[in-house]
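Data first, discussion second: the structure below is written as C-alpha cells.
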Amino acid sequence: MPKAVILAAGRGTRLGALTDEVPKPMVLLHGRPILEHLLRRLESAGITEALIVTGYRAEAIEKYFGGFSLPLGFVRQTEVNGTATAALLAQEFVGNDPFFLTFGDILAETVVYRDIQASVQPGIEALIGVKWVPDPYQGAAVYCDTSKKIIKIIEKPACGKSTTNWNSAGLYLFRPSLFTELTRVTKSPRGEFELTSAVEQLIAAGHRLEIFPIEGAWRDIGRPEDLAAASEEMQENR
C-alpha cells in the first residue's frame, strides 16, 4: 500500500484564531505542523508517495512541504464543499492501486499506519479504522457484526442515540472502486458532499468492508483542547 491521500483542504474554524493565517493541518504541535508529524509517521510506516488535497490557504502547505523527504503531490479543491469531492480529486494519482486515505488533522501512532496496511485481505473492498468512544455523535458511528464486517455507518448521529461505540477514526484503506461511488454522492443534510456517503453506497452495493480497531494514542485535532491533549501525549511518549 505505497500510496497515501491526505485531505487537508479545510480551515478548522473550531480552532479559532489559530487558523486565521494557516490551514488547520499547519497549526504547530511541538514546533512542527500537525501535517508534518503525520507525514513522517506515514513515511516510517512504509508509505512511499502521497497526494495532499489542499484548499484554504493552500499555498502555506505547498510552500512548506515543497522539498519534503517523502515524494508529495498537491491538488487544490477550489470549492471546499465536502470530503467526497476532495477525495475524488485523487483519482488520477491513485490509478488502479489500493490506497490509504486520511485527514491532515488526525494523528495516530506509527504502528497503527503500518498495521492497518498489513491487515488488508482479498475480498475486502475497504478497511475503516475505528476508535472506541463513549458516544460517536461527534464523528461517524460504525456498526459491524461479530466478523468485523461493517453493516452501516451514520455520519454525525444524534447525541445519545447510537447503539455502537465505534467511531470512524479517519483512517481508511480503499480500492479504486471508491471513485465510482464518489461521483454518485449527493449533498448530505449538512449541505456537504461527504466521504461517509460513498462508504454507505459501497455497503449498499454488497461490498465487504471491515473495521480496524485502533489501540493506543489517536487524536482528531479539531479543537484547542485536542491540540493540548495531543501535545501532552507526545510529551509523555518522549
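Worth pointing out:
- Summed residue charge, Cβ within 14 Å of Pro224's Cβ, Lys/Arg positive, Asp/Glu negative: -2
- Overall form of region 141-238 per C-alpha gyration tensor (a/c, 1.5; a/b vs b/c): prolate
- Label zone at Ala217, where the point sits 7 Å out along the Cα-to-Cβ direction: region 1-34 residues whose backbone N lies under 12 Å: 30
- Cross-link reach list, lysines versus Lys24, counting only Cα pairs under 20 Å and skipping chain neighbours closer than eight places: Lys63
- For region 174-190 and region 90-139, distance of Cα centres in Å: 16 Å
- The sum of -39500 (n - 2.57) across all DSSP H runs of n ≥ 4, divided by the residue count of the chain, sets its helix-only mean residue ellipticity at 222 nm to -7500 deg cm²/dmol.
- With a Förster radius of 22 Å applied to the beta-carbon distance between Arg40 and Lys156, the computed FRET efficiency rounds to 0.10.
- Each peptide in 11-24, 172-185 gets a packing score, the mean of other Cβ atoms within 10 Å over its residues, and the list from highest to lowest is 172-185, 11-24.
- Proximal lysines to Lys152, defined as alpha-carbon separation beneath 29 angstrom and excluding residues fewer than eight positions away on the same chain: Lys3, Lys131, Lys161, Lys187
- Label point distance in nm, Thr180-Glu232, each placed 7 Å from Cα along Cα→Cβ: 4.7 nm
- GNM flexibility winner over the chain from Gly46, Gly73, Gly95 (Cα, springs under 10 Å): Gly95
- GNM on the chain, alpha-carbon springs under 10 angstrom: the most fluctuating residue among Thr146, Thr164, Thr85 is Thr146.
- Label corresponding to Cα extents along the principal axes in Å when calculated from the structure given, among [x] 69, 33, 29; [y] 44, 38, 35; [z] 57, 53, 37: [y]
- For Ser162, Ser147, order by how many other beta-carbon atoms lie within 10 Å, fewest first: Ser147, Ser162
- For region 3-237, the antiparallel share of DSSP beta bridges with both residues in that region comes to about 50%.
- Likely footprinting exposure, Cys144, Cys159, fewest C-beta neighbours within 10 Å first: Cys159, Cys144
Each reported figure results from applying straightforward, stated rules to the coordinates on display, with no laboratory input. What you are looking at is a predicted structure, and each value in this text was computed from that prediction instead of being measured. Virtual Cβ from ideal backbone geometry, glycine too; neighbours counted across all protein chains shown.
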